[in-house]
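Trainee: Following this message is one structure expressed as structure tokens.
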């Protein structure tokens with residue numbers, strides 16, 4: 001156990017985490033230079049967006065300069081803001097953390113958030129300044145920022161270029177010397193932390209575990225602490241990074257355990273595996289069921305594809321147990337599902353993955369948060385779908401979820417960001433200056449405002465310099481109304497939205513105006529209305545279509561005519577019917593972009 | 001019934017709205033082009049036709065000698081003794097007594113004149129090279145030379161056009177006692193000068209619709225029948241060649257960019273003059289043979305363009321079989337329910353109010369697979 005080092009790499013998005021992991025894998029001989037970048041980020045989408053969506057782990061043998069042999073376990077962490085809890089669990093499995101800072105970008109919001117998580121978890125932190133090969137590398141500034149923002153001695157930071165390999169050997173040495181070996185004993189009762197899992201068609205759910213004490217081998221019985229379920233171990237092993245079976249996995253080690261667990265919902269990140277012989281072994285502190293924060297409806301474009309969508313979601317959830325879904329039906333869109341996500345980015349990525357990996361064309365309705373709706377009878381319910389809101393006369397008051405948002409930004413952008421955030425009903429609670437050039441703005445921020453395009457706007461008003469991180473903070477009251485949209489007197493449930501009363505009319509007018517442009521003219525006049533209860537607050541009309549005709553028959557070219565009509569028929573197929581009105585799918589995405 | 005179409009892809013100047021295949025400043029190519037047409041005709045030698053149509057471009061650019069040699073050549077390849085209608089398209093500026101006499105000598109019995117408007121500002125903005133006086137003179141000349149079947153093309157939606165100016169054009173044309181009128185709405189086709197620089201005074205789509213409705217009233221009051229979406233005729237003067245198109249009939253197209261429909265197969269020549277001159281018999285592209293179901297659908301939607309004749313579902317079923325027309329009938333009935341179509345016995349017709357919004361109806365009849 002003296003020769004084991006468990007560590008993770010923490011960084012802001014795109015600071016080079018995956019490239020650094022590649023170099024370490026090459027230097028330790030786990031893989032040969034393949035030219036294929038970012039082994040751990042295996043999904044195309046991960047590479048494209050520069051973020052790790054799914055954490056992976058790998059075990060590397062390493063001979064240090066003094067000739068001793070070590071086992072280095074790199075535990076990857078999900079790299080985006082919606083997954084704070086999952087990151088904290090990955091950190092819990094380590095004794096040390098490599099804190100990676102991009103020399104050209106400096107310390108950013110997630111650098112700080114992740115560094116604090118690591119400090120809280122009691123990890124040894126090895127600061128590393130990466131991308132020193134870049135012409136705009138500002139090593140001294142980074143050292144200063146580490147000192148000022150995090151109290152980490154900047155001079156101790158190692159200088160690395162993961163791209164060309166500079167300094168990676170020194171980093172491996174530092175991991176061996178600085179990160180303490182794991183504690184715990186093989187002789188004590190079994191205690192493992194589940195920090196991730198994936199689904200294998202034949203072997204069921206495979207938890208990724210860090211063993212803190214005891215050991216596991218084929219044939220052992222193991223118990224899931226939170227549920228008391230007992231499983232028989234079928235296989236244990238390490239990640240190389242493929243699954244590599246071994247006879248036993250012991251205290252201090254990182255690996256996986258297969259026990260033919262067929263039910264996806266039975267394994268949760270953060271849970272503890274113990275031995276049924278010692279059922280009183282305490283759980284590893286900090287376990288909680290992660291709660292989805294953002295919801296949206298998804299519907300197949302063709303109602304015939306509902307079964308396909310169901311199958312795709314079932315399969316998808318096996319690999320991302322943090323999404324939740326349940327059946328939902330909409331008068332306009334037919335049968336679909338309501339999906340819950342950890343955050344906005346999680347939602348975007350999931351929808352994109354569903355489309356790509358499962359070949360599903362989808363209509364996603366606007367996202368919603370969970371409102372606490374208190375009714376006049378003194379009860380309250382949690383409602384994640386505006387169309388499920390009770391009648392206004394039955395509502396006593398409504399509360400909305402609020403997050404604690406931290407934005408780090410160069411001082412020259414503080415003005416625009418404050419302006420942007422004010423417009424989003426954000427409350428500034430603190431402004432700090434970690435160094436001369438930058439400010440940290442801390443907000444109480446309504447989550448509902450966050451999910452309507454705040455992040456994109458933050459990036460654009462700061463020309464990409466602002467970075468953010470957030471955590472759930474609680475609920476707060478407000479004067480909310482539900483706005484319904486009516487297309488030719490038919491309410492479109494999927495377009496209802498919740499707004500603070502003050503801005504409801506402005507939003508409604510904007511939406512109606514966009515709808516008017518999106519819905520093509522049809523054979524009859526189409527009134528578009530927005531209403532709070534029975535009161536209409538905005539209206540525009542689409543006048544009836546007057547002309548849609550093919551005139552000339554040039555030398556009998558019938559084929560060309562028919563093809564034009566076929567195209568029209570094809571387009572019609574993609575329309576959704578609201579009463580007699582054909583509504584294009586784009587209309588259902590409107591609210592996402594309403595404020596632009 | 002079978003038609004023969006001959007495409008003459010030459011113009012003095014391209015009009016601002018035109019995206020047809022025709023080439024300006026190429027009159028030197030007329031002789032070799034006619035030779036090429038006859039070579040291509042030889043590929044189909046022996047066929048007989050009931051209608052013949054010279055379209056363009058500007059077919060009236062051919063000289064009397066060229067016209068005669070073309071027709072003689074065609075008679076050498078085909079059986080033209082059965083012809084009942086021979087049309088030539090002509091532009092006002094190229095119509096003269098010499099040309100008209102040559103046409104009559106060639107047994108051409110119908111002329112379709114590209115008048116478009118009798119307002120000089122409108123003509124100019126459309127890039128036409130004739131003026132109103134020339135157009136009126138051309139029609140009068142055709143009549144006096146002995147042509148008894150005169151058709152005129154009229155455009156709706158030209159820049160600056162108003163109901164007043166359009167009404168004036170139509171009334172003047174009616175006073176010349178023509179037999180047939182094709183009324184087209186201007187559409188901005190990509191890569192045309194008009195689409196690239198649309199003038200501000202271009203009537204809107206809705207204005208076009210208004211103008212069309214009013215024209216229709218005017219024409220019907222004068223005894224014209226609205227027999228096809230874009231075509232009006234005095235009784236007995238419907239264009240037989242075009243009727244054949246809308247009835248799903250056979251036709252052979254000769255020349256660059258010409259389209260054909262022979263034995264259920266649609267095909268087209270490449271729109272390339274140079275290539276056509278080199279190998280007139282090897283230009284076939286876009287060969288399309290639809291399966292029975294789609295063929296039946298195609299015939300349904302084109303027949304529905306015939307506002308008076310309509311689509312006879314019984315005849316369609318006899319031709320294609322109940323298996324392939326059942327679904328069409330269902331769609332037709334849906335359209336009857338919504339008021340888009342009117343059914344009388346076995347015949348479905350477009351509701352008069354839906355003539356200008358017929359595309360969605362046709363699209364609803366096409367199966368989506």
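Trainee: Decide, for chain B, between rounded, prolate and oblate: order the square roots of the alpha carbon gyration tensor eigenvalues as a ≥ b ≥ c, take rounded if a/c falls under 1.5, and otherwise choose prolate if a/b is larger than b/c, else oblate.
Mentor: Because a/c hits 1.5 or more and a/b fails to exceed b/c, chain B counts as oblate.
Trainee: Evaluate E = 1/(1 + (r/R0)^6) for residue A:589 and residue B:148, where r is the Cβ-Cβ distance and R0 equals 56 Å; express this FRET efficiency to the nearest 0.05.
Mentor: 0.35
Trainee: Could I ask something else about it? Contact order normalised by length for chain B, with contacts defined as Cα pairs under 8 Å and 6 or more residues apart; what percent is it?
Mentor: 15
Trainee: Tally the DSSP beta bridges in chain B and give the antiparallel ones as a percent, rounded to 5.
Mentor: Approximately 40 percent, going by the DSSP bridge assignments.
Trainee: With the crude spin-label approximation of a point 7 Å out along Cα→Cβ, what separation in nm comes out for residue A:396 versus residue A:428?
Mentor: Those two pseudo-labels are separated by 3.6 nm.
Trainee: May I pose another question? Quick check: the distance between the Cα centres of region B:309-352 and region A:535-586, to the nearest angstrom?
Mentor: After rounding, the separation between the Cα centres reads 21 Å.
Trainee: Calculate the all-directions average of the projected area of region A:294-364's alpha-carbon convex hull, and give it in nm².
Mentor: 4.1
Trainee: I'd like the orientation of helix A:139-150 relative to chain A: the angle between its Cα long axis and the longest Cα principal axis, in ° from 0 to 90, rounded to 10.
Mentor: Around 80 degrees separate the two axes.
Trainee: Which ordering of A:280, A:234, A:196 is given by a fewest-first count of other beta-carbon atoms within 10 Å?
Mentor: A:280, A:234, A:196
Trainee: What does the average come to when, for each residue of peptide B:204-214, you count the partner chain Cβ atoms lying within 10 Å of its Cβ?
Mentor: 3
Trainee: With only alpha-carbon atoms counted, please give the Rg and Dmax of region A:83-240, in Å.
Mentor: Over region A:83-240's Cα set, Rg and Dmax evaluate to 19.1, 56 Å.
Trainee: Mind listing P(r) for the protein assembly as shown? All alpha-carbon pairs, 10 Å bins, whole percents.
Mentor: Using 10 Å bins, I get a P(r) of 2, 10, 15, 16, 13, 11, 11, 11, 7, 3, 1, 0 for the protein assembly as shown.
Trainee: What is the helix-to-structure angle for A:344-358, meaning the angle in degrees between its Cα long axis and the longest Cα principal axis of chain A, kept from 0 to 90 and rounded to the nearest 10?
Mentor: Tilt of helix A:344-358: around 80 degrees.
Trainee: Oh, and also: What percent do you get for the relative contact order of region B:216-369 when only Cα pairs under 8 Å and 6+ apart count?
Mentor: 18
Trainee: Roughly what % antiparallel, to the nearest 5, for the DSSP beta bridges in the protein assembly as shown?
Mentor: Antiparallel: roughly 70 percent of the beta bridges in the protein assembly as shown.
Trainee: If you don't mind, there's one more thing I want to ask. Using 7 Å Cα-to-Cβ label points, what is the residue B:97/residue B:353 separation (nm, one decimal)?
Mentor: Going from the residue B:97 label point to the residue B:353 one covers 5.4 nm.
Trainee: Two decimals is fine: what is log10 I(q)/I(0) at q = 0.23, 0.26 Å⁻¹ for region B:291-369, from a Debye sum with one equal scatterer on every Cα and no solvent?
Mentor: -1.06, -1.37
Trainee: Where does region A:450-522 land on the Kirkwood hydrodynamic radius, alpha-carbon pairs, in angstrom?
Mentor: 15.2
Trainee: Next question. Please sort B:278-287, A:148-157, B:190-199 by packing, taking for each peptide the average over its residues of neighbouring beta carbons within 10 angstrom, highest first.
Mentor: A:148-157, B:278-287, B:190-199
Trainee: So for each of A:165-176, B:315-326, A:426-437 I average, over its residues, the number of other beta carbons within 10 Å; can you give me the resulting order with the highest mean first?
Mentor: A:165-176, B:315-326, A:426-437
Trainee: Rounded if a/c is under 1.5, else prolate if a/b is larger than b/c, else oblate: which is region A:78-128, with a ≥ b ≥ c the root eigenvalues of its Cα gyration tensor?
Mentor: Oblate, because a/c is 1.5 or more while a/b does not exceed b/c.
Trainee: Also, I was wondering about something else. Between residue B:318 and residue B:334, what length in nm is gained on full extension when 0.36 nm per residue of separation is reduced by their alpha carbon distance?
Mentor: Going from the current span to full extension adds 3.6 nm.
Trainee: So what's the projected area for region B:84-239, the Cα convex hull averaged over all directions, in nm²?
Mentor: 9.2
Trainee: With runs of 4+ DSSP H residues as the only contributors, calculate the mean residue ellipticity of the protein assembly as shown at 222 nm using -39,500 (n - 2.57) per run, divided by the residue total and rounded to the nearest 500.
Mentor: -9000 deg cm²/dmol
Trainee: What order, most packed first, do the peptides A:10-23, B:173-186 have when packing is the mean number of other Cβ atoms within 10 Å of each residue?
Mentor: With the highest mean Cβ count within 10 Å placed first, the list reads A:10-23, B:173-186.
Trainee: Give the average, rounded to an integer, of partner chain Cβ atoms located within 10 angstrom of each Cβ in B:182-191.
Mentor: What the average comes to for B:182-191 is 2.
Trainee: Based only on other Cβ atoms within 10 Å, what is the fewest-to-most ordering of B:348, A:202?
Mentor: A:202, B:348
Trainee: How big is the Rg/Rh ratio for region B:1-155, C-alpha atoms only, Rh by Kirkwood, two decimals?
Mentor: Rounded to two decimals, Rg over Rh is 0.97.
Trainee: Would you mind giving the mean number of other chain beta-carbons within 10 Å of the Cβ of each residue in B:347-360, as a whole number?
Mentor: Average per residue, whole number: 3.
Trainee: Evaluate the relative contact order of region B:291-369 (contact order divided by residue number), counting alpha-carbon pairs under 8 angstrom at least 6 apart; express in whole percent.
Mentor: With pairs under 8 Å counted, the relative contact order is 36 percent.
Trainee: Most fluctuating residue of B:250, B:213, B:263 in a GNM of chain B with Cα springs under 10 Å: which is it?
Mentor: Among B:250, B:213, B:263, the largest GNM mean-square fluctuation belongs to B:263.
Trainee: Round to the nearest 10 and give me the degree value, 0 to 90, for the angle of helix A:306-319's Cα axis relative to the longest principal axis of chain A.
Mentor: 20
Trainee: Okay, moving on. With the cut-off at 1.5 for a/c, could you classify region A:191-274 from its C-alpha gyration tensor as rounded, prolate or oblate?
Mentor: Cα axes put region A:191-274 in the rounded bin.
Trainee: Fewest Cβ neighbours within 10 Å first, please rank A:335, B:246 accordingly.
Mentor: Starting with the residue having the fewest Cβ neighbours, the order is A:335, B:246.
Each value in this text was obtained by applying a stated rule to the coordinates, not by laboratory testing. Just so we're clear, the structure is a prediction, and the values are computed from it rather than from any experiment. Reconstructed Cβ throughout: ideal geometry from the backbone, glycine too, with neighbour counts over all protein chains shown.
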